[in-house]
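The values are calculated or read from the model by the stated rules, or taken from the named source; none is laboratory data. The shown structure was predicted, so the numbers you read here are calculated from the model rather than taken from an experiment. A quick note on method: Cβ atoms are made from the backbone with ideal geometry, for glycine too, and the neighbour counts reach across all protein chains shown. The area values use the complete protein model at the heavy-atom level, side chains included, leaving out ligands, DNA and RNA. Shrake-Rupley method; radii C 1.70, N 1.55, O 1.52, S 1.80 Å.
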Amino acid sequence: MRSFQFLRGPQVTQFESAFAACTRVKHCISTGNGTDGLFATIKMLGIKAEDEILVPAFTWITDSEIVSLCGAKPVFVDVDSSYYTIDPSLIEKKITHKTKALIVTHLFGQAADMSALESICKRFNLTIIEDCAQAHLTKYGDNYVGCLGIAGIYSFYPTKNLGAYGDAGCVVTNDNRLALDIRRFTNHGTLQKDDHEIEGFNSRMDTLQASIILAKLPYLQEWNEKRRLNAEHYNSHLKKIQAVTTPAVRPDSKHTFHIYAIRAKKRNDLKDFLADKGIETMIHYPKALPNLTAYKHFAHTPSDFPVSSLLQNELLSLPIYPELKLEEIEYVCEKIKDFYGK
Ligand SMILES: *Cc1c(COP(=O)(O)O)cnc(C)c1O
């Protein structure tokens, strides 16, 4: 505050370098939020009206709304029933001559099936963009997510595994040209002082937010580790309950449990019951994207996306934050047992 560099202060570049190093990518371009990062990426990839982009049916609306905002069409693909990420076996029949790219979300901190996606996308010449907003330091094989496609976008919304005290986001990429294009586009179309090479828009991470996530970044691995331990603890206590399915972890990957969601019978009643016992739970997400009012013009029915439509009715997110105590996890599990024991 004393320096008065509320925007473009040195902490912004420091954060960009630190986050690029930490996720092992060449470039990190900070943005005002994750949604802006995806918008800038899609625009700079040249996606335009009439193009079709494949999007998971079960994710946050950013991935489809940004496609529409660029004038293109989001084409929904159902997710798989074990890991809840886009199902590679359903992709081929959604591809047309207009399909240009695929947006993949590493949902809840779970890495998507990247090797299957890569081989399909290579065959049909589709660009992969990764939504890593819930997957800070999620690993797929030996790599962190974000460098498996052309670019990855992150959000530092306060509840994310690395959270600012307001809005913030970034794009990471190993592509020099794309990095420069995104930097220019998010800075009113200019990289120099006296000229604007193109029209762009304005999206920047402010210095205060950069300082906060820069200070938090060294703790991220440790916090993720605590989330994983919490998840194991839940799994061991909940596995005997027939009516509950605990989350699976994709082999050869490292889940970061942004969200720990169980599938539960009588989900809404369980949610109310737990609220009554002082346990706050959440629903991610109450409606799959194709079932939202915003997409009623596509006239999809829930049976077009059976897995997503089932997940919207069964998933319940339990508290998973790193500071959660083991006794608290045991208390939650005990109450879940009580509910089904009745
Ligand atoms: C949070 C989130 C976003 C959007 O991030 P903002 O910073 O809020 O714009 C995008 N995709 C997913 C999957 C998210 O969870």
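Among the residues of segment 192-207, which ones are within 17 Å of GLY37 (Cα to Cα) and assigned to a loop (DSSP other than H, G, I, E, B)?
Residues satisfying the conditions are GLU199, GLY200, PHE201, SER203, ARG204, MET205, ASP206.
Would you please name the residue that is nearest to the ligand (Cβ to nearest atom), looking only at residues in segment 117-164 that are among the β-branched types (Val, Ile, Thr) and open to solvent by 40 Å² or more (accessible area, probe 1.4 Å)?
THR159
Can you confirm whether segment 29-39 contains a residue that is more than 12 Å from the ligand (Cβ to nearest atom) and not β-branched (Val, Ile, Thr)?
no
Report, by residue number, each residue of segment 2-59 that is without any contact (Cβ under 8 Å) to a residue 12 or more places away in the chain and among the β-branched types (Val, Ile, Thr).
THR13
Taking the residues in segment 52-69 that are open to solvent by 10 Å² or more (accessible area, probe 1.4 Å) and not in a helix (DSSP H, G or I) as candidates, determine which candidate is nearest to GLU118 (Cα to Cα).
My answer is GLU52.
Checking the conditions here, which among LYS277, LYS271, LYS254, LYS287 is within 24 Å of GLU323 (Cα to Cα), at pLDDT 95 or above, of a type in the set (Lys, Arg) and under 17 Å from the mean Cα position of the chain (by Cα)?
That would be LYS254, the only listed residue that is within 24 Å of GLU323 (Cα to Cα), at pLDDT 95 or above, of a type in the set (Lys, Arg) and under 17 Å from the mean Cα position of the chain (by Cα).
Of all residues in segment 264-301, which are in a helix (DSSP H, G or I), under 26 Å from PHE76 (Cβ atoms), out of contact with any strand residue (DSSP E or B) (no Cβ under 7 Å at 6 or more places or on another chain) and of a type in the set (A, V, I, L, M)?
The one that is in a helix (DSSP H, G or I), under 26 Å from PHE76 (Cβ atoms), out of contact with any strand residue (DSSP E or B) (no Cβ under 7 Å at 6 or more places or on another chain) and of a type in the set (A, V, I, L, M): ALA294.
Of all residues in segment 40-79, how many are away from the ligand (no atom under 12 Å from the Cβ), modelled with pLDDT of 95 or more and farther than 18 Å from GLU199 by Cα?
Residues that pass the stated criteria total 15.
Given the condition of a type in the set (Asp, Glu) and either at pLDDT below 95 or within 16 Å of the ligand (Cβ to nearest atom) (or both), answer yes or no: does some residue in segment 230-243 qualify?
no
So, in segment 98-113, of the ones that are in contact with a Ser or Thr (Cβ under 9 Å, 6 or more places away or on another chain) and more than 17 Å from LEU38 (Cβ to Cβ), which residue ends up surrounded by the fewest Cβ atoms within 10 Å (Cβ to Cβ)?
Result: ASP113.
Give me the pairs, please: first residue somewhere in segment 277-305 and aromatic (Phe, Trp, Tyr), second residue anywhere and buried (at least 16 other Cβ atoms within 10 Å of the Cβ), beta-carbon distance under 6 Å, and either six or more positions apart or on two chains.
What qualifies is PHE305/ALA57; PHE305/ASP78; PHE305/ALA288; PHE305/PRO290.
Would you confirm, using the coordinates I've provided, whether GLY71 is in contact (Cβ under 8 Å) with a residue 24 or more places away in the chain and either out of contact with any Ser or Thr (no Cβ under 9 Å at 6 or more places or on another chain) or among the small types (Gly, Ala, Ser) (or both)?
no
Taking the options SER82, SER17, name whichever one is part of a loop (DSSP other than H, G, I, E, B), open to solvent by 10 Å² or more (accessible area, probe 1.4 Å) and modelled with pLDDT of 95 or more.
SER82
When you check GLY189 against the structure, is it away from the ligand (no atom under 16 Å from the Cβ), at negative phi, in a loop (DSSP other than H, G, I, E, B) and small (Gly, Ala, Ser), yes or no?
No, not satisfied.
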